[in-house]
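Accompanying notes for the structure given below.
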Amino acid sequence: PTIAAICHRLDGLPLALELAAPKLKLLGPAGLLSRLERALPILTGGARDLPARHRTMEAAIGWSYTLLRPQEQALFRRLSVFSGGWTLEAAEAVIGPGSDDVADPLEGMSSLVDQSMIRRVPHEGASPRFTMLETLREFGHHQLELSGEFENARRAHLRWSVHLAEA
């Protein structure tokens, strides 16, 4: 069960699992799992003969992130405030209307799905639901903090959550 929990926490990503496996020698399964609350600092130490982007999980995600247009990067960062997924309406409420620095949620999320940065999840409701792998969410959240947008995104998410609860 502990190994299954590690695999789940690492989203089943082969590179993440490969980078985590050597840590088992030192930490054991329970110790490794306890340190994966923040996984990116642990997922390091890839083979030196690999490209730099394959030596750490953060570098691999960062490489994909740099391939996004700046407006898509801003959208990705702001979507990281959602834990457990969101709808298009939730994204629109949190992102806000007509911001030039962030991609339109509909177009931007379509691009992020195409680039495997977010994914659409099966949902019975009228509005599709989306999610982000936890390792990507951790990276996006860190980028949100570095960009200085964290507090504004957190407040927008809180306003949306209160509105949803009241409705």
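The values are calculated or read from the model by the stated rules, or taken from the named source; none is laboratory data. Being a predicted model, the structure only gives us computed values, none of them experimental. Note: areas computed on protein heavy atoms with side chains; ligands, DNA, RNA excluded. Shrake-Rupley method; radii C 1.70, N 1.55, O 1.52, S 1.80 Å.
Per-structure values
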{"read-out": "Accessible-area composition of the chain, carbon plus sulfur, in percent [1.4 Å probe]", "value": "55 percent"}
{"read-out": "Stretchable slack from Ala126 to Ala21, in nm (0.36 nm times residue separation minus alpha-carbon distance)", "value": "33.7 nm"}
{"read-out": "Accessible area of the chain divided out per residue, in Å², using a probe of 1.4 angstrom", "value": "57 Å²"}
{"read-out": "Taking the convex hull of Cα positions in the chain, its mean projected area over all directions (nm²)", "value": "11.1 nm²"}
{"read-out": "Mean ellipticity per residue at 222 nm, deg cm²/dmol - from DSSP H runs of n ≥ 4 across the chain, formula -39500 (n - 2.57)", "value": "-17500 deg cm²/dmol"}
{"read-out": "Whole-Å distance, taken between Cα centres, linking the range 1-30 and the range 146-167", "value": "32 Å"}
{"read-out": "Residue order for His142, His123 - accessible surface, 1.4 angstrom probe, largest first", "value": "His123, His142"}
{"read-out": "Most mobile listed residue (Ala30, Ala20, Ala126) in the chain, GNM with C-alpha springs under 10 Å", "value": "Ala126"}
{"read-out": "For Leu10, distant residues with modelled amide H under 5 Å away", "value": "none"}
